[in-house]
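Data block below; observations after.
The values are calculated or read from the model by the stated rules, or taken from the named source; none is laboratory data. Computed from a predicted structure; not experimentally measured. Cβ atoms come from the backbone with ideal geometry, glycine included; neighbour counts cover every protein chain shown.
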Amino acid sequence: MNTDTPLPDDSAGDTWERRLAAQPFRAVPPSWRSAILAKAGSGAGVRPQPARDRSVRSGWFERWLREYPVTWGALAALWLVVAGLNSVDRWLNGPPTTSARSISTTQWAEIQNQRKELGELAGIDLRAPLRPAPSTSREETPAVLRPRSHRRLQSLPGLEGWMTWDTEPDGIRGSVDTARV
Amino acid sequence: MPPDELERLYDTHADAVFAFLLTLLRDEADTRDALQEVFLRLARRADALKGVIDERGFLLRAAHNAAVDLIRRREARARTLTAFSSEPVELFAPATDPEESAFRAQLTEALGELPPEQRAVVHLKLWEGLTFDRIAETLEIPLNTAASRYRYGMDKLRTRLRPLYDEIR
């Protein structure tokens with residue numbers, strides 16, 4: 001017993017303590033030895049279960065690949081050919097964005113000509129340059145602010161032709177067609 | 001771990017680990033389970049003792065952990081462990097002298113009346129001869145806690161057994 005820690009109770013001189021320490025403990029039952037060591041040995045062999053599962057899974061994948069080697073090989077060769085052609089085409093022609101832009105310009109000039117001819121036929125002056133039509137997407141169109149009652153009047157069923165109303169800056173003015181009443 | 005190495009460890013340290021577990025658990029079936037768990041864990045790890053200088057200390061620590069695990073797993077039993085810890089269990093070797101035999105029986109009972117944490121410290125100090133430093137390491141408690149648990153445990157044992165001891169002497 002060493003006394004590396006200077007604590008009051010850590011002394012070996014107490015006869016009472018020595019008396020207690022002299023009491024011999026029971027030995028481990030002899031029959032346990034073989035049972036415990038056998039179980040420990042078998043338990044050590046059971047542990048690598050997950051590794052076996054992994055090998056089973058990789059075996060299944062390998063078998064799947066191995067069953068159709070020609071098909072997988074042909075698919076891989078085809079993919080290589082397509083990828084090669086694609087890169088050669090890009091190298092020869094450059095990026096495809098310029099051709100799309102020229103087609104659009106040509107079409108625009110043709111539309112301008114057709115419009116001019118139509119104006120001449122109809123006797124309307126359509127020489128003003130055509131501007132691209134405004135976008136009709138929901139985000140770009142500002143919502144029309146008007147009273148909810150106005151919308152309701154316009155949609156009253158069964159009164160079409162009987163009543164007319166105008167929307168004016170200071171409110172709605174309505175009139176009734178008395179001839180129909 | 002190779003089987004022959006496991007056998008060597010068992011033959012060298014099983015008695016000490018058994019005694020420690022029996023003191024802690026005070027149940028032979030639980031002690032066997034915990035001892036088996038200690039050797040099972042050793043067998044599963046090929047390098048379990050790599051870098052270990054003190055095999056006995058390592059095994060006692062593993063035994064303590066196994067006992068704590070066992071108590072946690074069997075929580076219902078663990079609750080009764082303290083209550084029934086004074087149940088008769090043979091901790092010590094049988095003695096031919098009747099007075100000595102009576103003293104061992106009283107000591108067994110008195111140890112059972114200690115809280116398990118004090119029992120563990122008293123066992124490691126008295127019967128394994130460990131210093132408080134080593135006890136603190138083994139049980140993963142502060143040094144002062146180990147010392148105070150020992151002092152409280154010994155006071156209780158002294159109060160409980162001193163009359164009988166004086167009578168025998």
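Figures for the structure shown
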{"quantity": "Test for residue B:37: is it more than 9 Å from every other protein chain (Cβ to nearest Cβ), over 14 Å from the mean Cα position of the chain (by Cα) and at pLDDT 90 or above", "calculated": "yes"}
{"quantity": "Residue in the stretch B:11-31 that is in contact with a Ser or Thr (Cβ under 6 Å, 6 or more places away or on another chain), modelled with pLDDT of 90 or more and under 27 Å from residue B:142 (Cβ atoms) present", "calculated": "yes"}
{"quantity": "Test: residue in the stretch A:63-79 that is touching a helix residue (DSSP H, G or I) at 6+ places or on another chain (Cβ under 9 Å), modelled with pLDDT of 80 or more, more than 14 Å from chain B (Cβ to nearest Cβ) and farther than 30 Å from residue B:20 by Cα", "calculated": "yes"}
{"quantity": "Residue B:29 being surrounded by fewer than 17 Cβ atoms within 10 Å (Cβ to Cβ), in a loop (DSSP other than H, G, I, E, B) and within 12 Å of chain A (Cβ to nearest Cβ)", "calculated": "no"}
{"quantity": "Among the residues listed as B:107, B:130, B:114, the single one being in contact (Cβ under 8 Å) with a residue 40 or more places away in the chain, crowded, with 17+ Cβ neighbours inside 10 Å, farther than 14 Å from residue B:157 by Cβ and of a type outside the set (Lys, Arg)", "calculated": "B:130"}
{"quantity": "Qualifying residue in the stretch A:82-89 (condition: surrounded by fewer than 11 Cβ atoms within 10 Å (Cβ to Cβ), at pLDDT 85 or above and of a type in the set (Val, Ile, Thr))", "calculated": "yes"}
